[in-house]
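Trainee: What follows is a single structure, and I will ask about it in a moment.
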Amino acid sequence: MSFYLTFSSIARMAYDPIDITLSIRDFNPPSLPSRMIVCVVYENDTDREENWRCIGMSIPCPIQSSIFFNEAFTYNFIFERTQLIKVNICPYLHVNKEQYGESDKISTAIFKVDELIGSFGLQLRKPLLVDCSISAIVQLGLPKQPSFSSLGSLLVDATLPQKKQPIVIQFEGKGLERKELIWDETAVFFRVYRMEQGSEEDVKLLLYESEAIKVKGHIQNHSHPVWMEFSLEVQDVADDRNRLLSIEVLYRDVDGSEGWIGKCLTTYAKMKYGAGKDNIYKVVNDTKKSTKRSYDNSGFIELTKFTDVSFYSFLDYIVSGTQLHYEIAVDFSEQRGAKSDNAERNRDETLLQMGIRGLGCVLRDYTPNRLFPAFGFGARLPPLAEESDEFNLNFTCDPVCRGLDGVVEAFKKANSIMAPMDTPRCAKIISALMRHSQESGKIGLHYHVAAIFTRGGPIEDWKESLAALCSAALHPISIIFVGVGVGDFTSYSKLVRKAREAQKETRICVEAKLTTKLNVFIELHKIVDLTQSLPANRARIAEHGLTSLPSQMVSFMHRNAVSAKPPIQICRSPLFHSSSLIPDRPTQFAFDDETAIIGSILERGRNGSVSGQVTARVQSPYTQHKSGRRGSEGQFLNVNPDSLREQLGLLSARLPERSRSVLNTSREQFMIRHAVRQREREERNASERMMNL
């Protein structure tokens, strides 16, 4: 049983389907009128409690400490939207899901779909509370409930449905056997079969039949046909890498009767070598081979094209370890002669803060440490009023701000002490953002989203800015220009338009399927509706600014031949559930007092027991983060699966290579492990020498 959610706005947006399953751990409900329970699932994409829509209900399950709901529901994930899912646990009282109301629930849990997508192993753990609201989830991030109100834990698992992966194949014949007198009136074709059991002819499945090439004269003959290319699904051809495929070549007379020419055998693994001498096959007629001693073949069939097509979506890259990094640049310049009162300035600052938070509320769930670099340009810096086209917004050596609140506070402080320039110069700040994206690490691991907020006006270095913007299209970064206020944005809209034209001329968008807006320009005053609530306006900003981001990132990955690896998988032990290490916010694992632990580990090494203390600290935007270069590997989650497995003996994680930056080992932890292993090696060698004596 599965549930499928559709709504009208999805038709206008790109979405990725995900399959979600639910389970309960440590369930401790009060006395209930029924011994069976159900989970009722609701969906909401607004901040209003009355907009919950019921999308499915599970079958009744008996009340136990651990409950697994077999039903999975398919949900359409839209990146630029803040999508919420609510799960109500109710006693089994009604047959239809529409009959259940808020008064029937025992406990409830609300989570953002972004949290689930950005979580470790596509698994999320949420407390089952007596009551919960949207404001507690969206605004605060964690529900404000006392600890005793939790009735258990809800485990949410997501999987990506299997996607079609076609392979494109083309064959041509060479010297195929002719039919006696009227060979020029026949048409030749072939069929592709999958052998179900070994090579038995009576157990085969037809996969494809080609077009019949008919000859109309003596200039051509059917002994050298070139058939059209065709596609097959990888699941049909390569369910077993050595699955035999039978290619049978036949002819068809004008009266529709068919005749046998011969057949050959191949496999998916062999065809992957592509066109060449390895994929030229003899067409053999078994009847003639058994009756004629001198018979060798009835011609050849040659593979001329083999293309294994893999279509990776935005979601495939995210779940395989690609991280999004949100960066902000604020233009402080004001057009010469422009007059603005305090009310207009306050309105522009409010719009700017709304824009920062609107884009950041979506992107922060894909940034493991929630650290956001922030820059400024177009200002005269104190104390000498020197013009600057690039500076750190927080006036420190490191541009990183902690959380969106840190970015807003840095902007307020900078805005109060700096004088604006007359005209902006954008080339240097675009180059700086591009340079930061280059320094982030291996291609495919990180993708940057830079939002440049401006009050408008003519760009002084327009040509240099255009060149920098075209160069940025070759790097893992998307740039969003956000117009604040009611200034003149003609120069910025022209800049974005010309950059798109230049990118097409240089064949950055080479395929129609990958053609996309590599740069975006939006104006906040045309998007914000003052009659709506603040969360609703933030959602509108995110929808307009981030709609093209998934296609931009996919286009970059495809151009650079970056494939999506399998997602992180978690192996569970019956004694310890790995999801207890997965909190609701990004987690940093570290050793307590690593220097002191070295001594204790070495002391216990002789007894064969190596144990260390591992703690998980839930990070908030205000907790201390590990220091390191912005964009370096040290900024991200700091957990060592091998060390955890050695010390706890309970948890193991299979990590794709591209996710190593998310789960990396610090230098200090590596030195500890190296010292332990060195000491164990020395003691083992010493004991062996003693035994030899």
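The values are calculated or read from the model by the stated rules, or taken from the named source; none is laboratory data. Treat the numbers as computed from the prediction; the structure is a model and nothing was measured. Positions of Cβ are backbone-derived with ideal geometry, glycine not excepted, and every protein chain shown enters the neighbour counts.
Trainee: Of the numbered conditions (1) over 21 Å from the mean Cα position of the chain (by Cα); (2) of a type outside the set (Asp, Glu); (3) modelled with pLDDT of 85 or more; (4) farther than 19 Å from Gly152 by Cβ, Ile78 satisfies every one except a single condition; which is it?
Mentor: Unmet for Ile78, out of (1) over 21 Å from the mean Cα position of the chain (by Cα); (2) of a type outside the set (Asp, Glu); (3) modelled with pLDDT of 85 or more; (4) farther than 19 Å from Gly152 by Cβ: (1).
Trainee: Working only within region 404-425, note down all residues that are within 26 Å of Leu549 (Cβ to Cβ), in contact (Cβ under 8 Å) with a residue 60 or more places away in the chain and surrounded by 20 or more Cβ atoms within 10 Å (Cβ to Cβ).
Mentor: Passing the criteria: Leu404, Val407, Phe411, Pro424.
Trainee: Go through region 101-126 and give me each residue that's in a loop (DSSP other than H, G, I, E, B) and crowded, with 20+ Cβ neighbours inside 10 Å.
Mentor: Ser119
Trainee: Here's something else I'd like to know. Quick one: would you say Leu524 is at pLDDT below 85 and either crowded, with 20+ Cβ neighbours inside 10 Å or of a type outside the set (Phe, Trp, Tyr) (or both)?
Mentor: no
Trainee: Any residue in region 92-117 that is within 26 Å of Tyr15 (Cα to Cα) sitting within a Cβ distance under 7 Å of a residue that is charged (D, E, K, R) and part of a helix (DSSP H, G or I)? List the pairs, counting only those 6 or more apart or interchain.
Mentor: As it stands, the answer is Lys112/Asp365; Asp114/Asp365; Glu115/Asp365, since those pairs meet every condition given.
Trainee: Also, I was wondering about something else. Look at Ser65 and say whether it is in contact (Cβ under 8 Å) with a residue 24 or more places away in the chain, out of contact with any strand residue (DSSP E or B) (no Cβ under 7 Å at 6 or more places or on another chain) and over 23 Å from Leu549 (Cβ atoms).
Mentor: yes
Trainee: I'm trying to understand the selection: among the residues of region 661-693, which are at pLDDT below 75 and surrounded by 11 or more Cβ atoms within 10 Å (Cβ to Cβ)?
Mentor: Listed by number, the residues that qualify are Ser661, Val662, Leu663, Asn664, Thr665, Ser666, Glu668, Gln669, Phe670, Met671, Ile672, Arg673.
Trainee: Another one. Checking the condition more than 30 Å from Arg357 (Cα to Cα), at pLDDT 90 or above and under 30 Å from the mean Cα position of the chain (by Cα), which residue from Phe68, Phe73 passes?
Mentor: Within the list Phe68, Phe73, the selection yields Phe68.
The rows are residues; the columns are (1) within 26 Å of the chain's Cα centre (by Cα); (2) of a type outside the set (Ser, Thr, Tyr); (3) at pLDDT below 90.
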| site | (1), (2), (3) |
| --- | --- |
| Pro368 | yes, yes, yes |
| Phe375 | no, yes, no |
| Ala385 | no, yes, yes |
| Asp389 | no, yes, no |
| Leu393 | no, yes, no |
| Val407 | yes, yes, no |
| Met418 | no, yes, yes |
